[in-house]
Amino acid sequence: MKSELVKRFVGIKLFLFDLEGVLIPKSFVVSPESLAGLIKKLHSGCEELKKLGAMFGIVTSRNDELVSRLKEEGGCILVSASLDKVQMVNDLSGKLNIDYKNIFYIGDDMLDIPLLQKCGLSSSPKDGRREVKRVVTFTAKNNSGEVLQEIIDYFKESKKMN
């Protein structure tokens, strides 16, 4: 099963992540220290994917101070401020000239389902909603806040297959 899953990562050019409940753990408490740690972690993930020839992005309906900080300091693509995540990604994929079959998305909540169903490869954290897990390609082994490195590791393995 694992090798079949790794093969699905071949051809992915854009990795998109929901913010709350995926990159941010459900138990996240905002503080200057926790925010600095999150930004450092996201920047590191962005750089690692770039080195592997892919792009890293965040798709969130949020539009607050956290999103502003991530836009300024995170070093990744960030689309935000709309409940229509499919439209935000339609606009982004058009600008980047990337087909949905080459996009990976991981989300955890009902709002994510339309985008999860449209992307070529999709996932949910282990602690994502049951309804979401029913529509994704696979459920991650890790919970929210812990999935970034798992996804990067799958992509690294897929690069070794080529």
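Just so it is clear, none of the values below were taken in a lab; they were calculated from the coordinates. Just so we're clear, the structure is a prediction, and the values are computed from it rather than from any experiment. Positions of Cβ are generated from backbone atoms using ideal geometry, with glycine treated the same way; all protein chains shown enter the neighbour counts.
Remarks
- The stretch 2-161: relative contact order in percent, alpha carbon pairs under 8 Å with at least 6 residues between: 29
- In Hz, Karplus ³J(HN,Hα) per residue of the stretch 20-35 (6.51, -1.76, 1.60; θ = phi - 60°; x = Gly, Pro): 6, x, 10, 7, 9, x, 4, 9, 4, 10, 6, 8, x, 5, 5, 5
- Set of aspartates and glutamates near Lys159 by C-alpha distance (under 18 Å), chain-local residues within fewer than 8 positions excluded: Glu4, Glu47, Glu48, Glu150
- The charge dipole of the chain, taken about its Cα centre with unit charges on the Cβ atoms of Lys, Arg (+1), Asp and Glu (-1) only, comes to about 660 debye.
- Residue by residue, the stretch 144-151 carries 3J(HN,Hα) couplings of 3, x, 10, 8, 4, 5, 4, 5 Hz when phi is fed to the Karplus relation 6.51 cos²θ - 1.76 cosθ + 1.60 (θ = phi - 60°); x denotes Gly or Pro.
- Value at 222 nm in deg cm²/dmol, rounded to 500, when DSSP H runs of n ≥ 4 in the chain each add -39,500 (n - 2.57): -13000 deg cm²/dmol
- Taking Lys and Arg as +1 and Asp and Glu as -1, the other residues whose beta-carbon sits under 13 Å from that of Lys133 total 0.
- When both the stretch 141-161 and the stretch 15-53 are represented by their alpha-carbon centers, they are found 14 Å apart.
- Each Lys or Arg adds one and each Asp or Glu takes one away; over the other residues whose Cβ falls under 15 Å from the Cβ of Lys7, this sums to +3.
- Calculated from backbone phi, Karplus (6.51, -1.76, 1.60) coupling profile of the stretch 121-136 in Hz, x at Gly/Pro: 9, 9, 8, 9, x, 4, 9, x, 5, 4, 4, 6, 4, 6, 10, 8
- Legend: calculated FRET efficiency, Arg69 to Asn90, from the Cβ-Cβ distance at R0 = 30 Å, rounded to 0.05, equals 0.70.
- The slack in the chain from Glu146 to Asn102, taken as 0.36 nm per residue of separation less the alpha-carbon distance, amounts to 13.5 nm.
- Nonlocal amide H pairs with Ile24, under 5 Å, H built at 1.01 Å: Gly145
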